[in-house]
Structures are given as C-alpha cells and as structure tokens.
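Below is one structure, written out as structure tokens; comments come after it.
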Amino acid sequence: MAYEEKQSEHSRIVVDTPNATREEVHSQAVRYPERSGVSGAALAAIVVGVVALAAIIILFVMNQQQDTVNENMTAQQPPQTIVQQPAQQPPVIVQQPAPATQPPVIINGQPAPAAGGGSTSTMSGTDDYSVQSAVDKRLSEDPKLSSLGITATVFNGKVTLMGVVHSEAEKNMVERAVRNLKGVKTVDNQISVSG
C-alpha cells in the first residue's frame, strides 16, 4: 500500500518579557514521502527463484550434451558379436566295479544276488536307503558309538565308515556293529586311530 504519512506537532510557548507576557502557538507538520518499491523479503524470494531457475536450465543443458555424447559413443562402437556357448554338462563319475576275484559275500545266511539281473540296480537304490537308515540308527542309538562321531555312507550294500577314534578296539567295535545289520554286504572301514 502506498500512502503518505503526516505527523503534526503543536506546541504552546509562553514568552515572559519585562514589559509583557505573551503566548505563542507553533504548529509544525512533517510529511514523509510515499514508500515505493519491494520489501526485503520479497526481494530475497525473487533472487532465490532466479538462482534456482538458472540451476535447472544449466542442468538441463548439461544433460542434453551428455545424451549427445552417449549417442555419439554408441554410434562409434562396432557391433558386438555374442557367441553363445553350450551349457556345461555335469561331470561324469565312473565307478569301477568290484574286482571279480572276490567270492560273493553271504550275510546272515542270505545268498548274494545273482549277477546280470536288471532289477538289482533298481532294487539297490531302495535297499541302500533302508541300509543307510539302519546304520544311522545303530550309530546314533548306541551311547558308545554315538559319542565317537563316525559317519557312514552306503552304496550297493557297501558301507564305508569314516571318522577318528582313540583306539583300535573302538574301530573294531564300530565295524562289528555295522557288519551285523541286515542288507550290509561289505564294510570298508576307513576309520583312523589317533594317538
């Protein structure tokens, strides 16, 4: 708002002289000019807005230049040839059959399965599972055996024992406990004796 401010002052002065007393009244009016222009806060807001707009424009121009550089680099690069290689095959594990010089092993009065039967390979997988379960049960339920930390694996009725024990007697005890289980054909005792 533009307006003119007025301020007036009235003063009364009594002048005493030797001849007479008189009274004088003085009036004084002071005028202030109109204020025109912008306040300090509005000016600061305008300056901040102009700086922000300049920053946005500069960033936009720089981004456009970067896009142009990227397009030029893409145009200059030779096309890439992608050679797709065949998927890697898992390694083939060949297990050698047991030597033919060993006589068939008879366990618990059961004869060894006849050689050449096609059904024995499918039966051996389920038999191995039941033998593995029986071996694990025997090793974990006997307090003397479970404290030794022996591991056993079964393949085609052959039980392989692994671990470390303190004496030859403990090694033989583990082997005897496993050898007497149903379905165990042979035992490969790889348990080592420490000290």
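Each reported figure results from applying straightforward, stated rules to the coordinates on display, with no laboratory input. Just so we're clear, the structure is a prediction, and the values are computed from it rather than from any experiment. All Cβ positions, glycine included, derive from the backbone under ideal geometry; neighbour counts span all protein chains shown.
If the chain between VAL48 and ASP67 were fully stretched, how many nm would it gain, using 0.36 nm times the residue separation less the Cα-Cα distance?
4.0 nm
Between SER133 and THR74, how many nm apart are label points set 7 Å from Cα along the C-beta direction?
Placing both labels 7 Å along Cα→Cβ, they lie 6.2 nm apart.
Starting from the Cα-Cα distance between THR153 and SER192, subtract it from 0.36 nm times their residue separation and give me the gain in nm to one decimal.
Additional length available on full extension: 12.4 nm.
Return the aspartates and glutamates within reach of LYS185: Cα separation strictly under 15 angstrom, same-chain partners fewer than 8 residues apart disregarded; answer none if there are no such residues.
Once the sequence-local aspartates and glutamates are set aside, what remains near LYS185 is ASP127, ASP128, GLU175.
Largest first and to the nearest Å, give the Cα extent of segment 124-193 along each principal axis.
Largest first, segment 124-193 extends 34, 21, 16 Å along its Cα principal axes.
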